[in-house]
1. Between Asp104 and Glu118, 0.36 nm times their residue separation minus their Cα-Cα distance comes to what?
2. Find how much the distance from Arg146 to Ile26 grows on full extension, using 0.36 nm per residue of separation minus their present alpha carbon separation; answer in nm with one decimal.
3. So how far apart, in nm, are the two label points at Leu51 and Asp153 if each is 7 Å from Cα heading toward Cβ?
4. Starting with the fewest neighbours, write out Phe23, Phe47 ranked by other beta-carbon atoms found within 10 Å of each beta-carbon.
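Every number here is computed from the coordinates shown, using simple stated rules; none is lab data. All values derive from a computational prediction rather than experimental measurement. Because the Cβ atoms are built from the backbone with ideal geometry, glycine has one as well, and the counts that use them run over all protein chains shown.
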Amino acid sequence: MARFLPLGIFGLAMLLLWVWAVFDVISSDAELVRNLPKMIWLVLVIFIPTLGSIAWLIMGRPAYASFAPGGARARGGPSSGSTRMGPYGPETAPRSRVEPEITDRRSAELDARLDAWEQSQTPPDELDRRAAELDAREAELEARQRDLDARDDPA
């Protein structure tokens with residue numbers, strides 16, 4: 001009986017790990033789960049208990065999660081006193097919320113570049129000439145279509 005004791009303790013530890021992993025997968029936030037979708041992790045943990053549980057611990061658990069099942073809290077989450085839920089990234093840091101500074105000098109520079117670009121484009125009188133040519137072509141095509149319709153319809 002003494003030789004079966006280590007196997008029994010190991011088996012009990014694996015059973016506890018498996019139960020904990022199932023509850024942890026179920027209660028983890030789907031957006032924070034890593035590498036695979038939450039449902040695939042659940043299937044892996046249920047149908048391949050030992051390997052699935054260890055893989056969940058190493059590769060699937062949300063980063064910065066506590067050891068309580070579902071204890072996944074992003075940095076800046078409720079555990080840190082913030083009211084914001086969800087992932088925390090560099091764009092949410094207070095220092096990165098600074099609006100880009102547009103000075104009067106920069107605005108004047110951009111206006112000058114826009115004016116230069118507009119002047120380099122086709123002159124307005126050229127556009128008027130092209131529009132008139134296009135209107136004449138459309139009128140000619142409409143006249144041809146009326147002539148064809150008149151030939152096909154002898155009534």
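1. Net length gain for the segment: 2.9 nm.
2. Extending this stretch completely gives an extra 36.0 nm.
3. Distance between label points: 7.6 nm.
4. By the 10 Å Cβ count, ascending, the order reads Phe47, Phe23.
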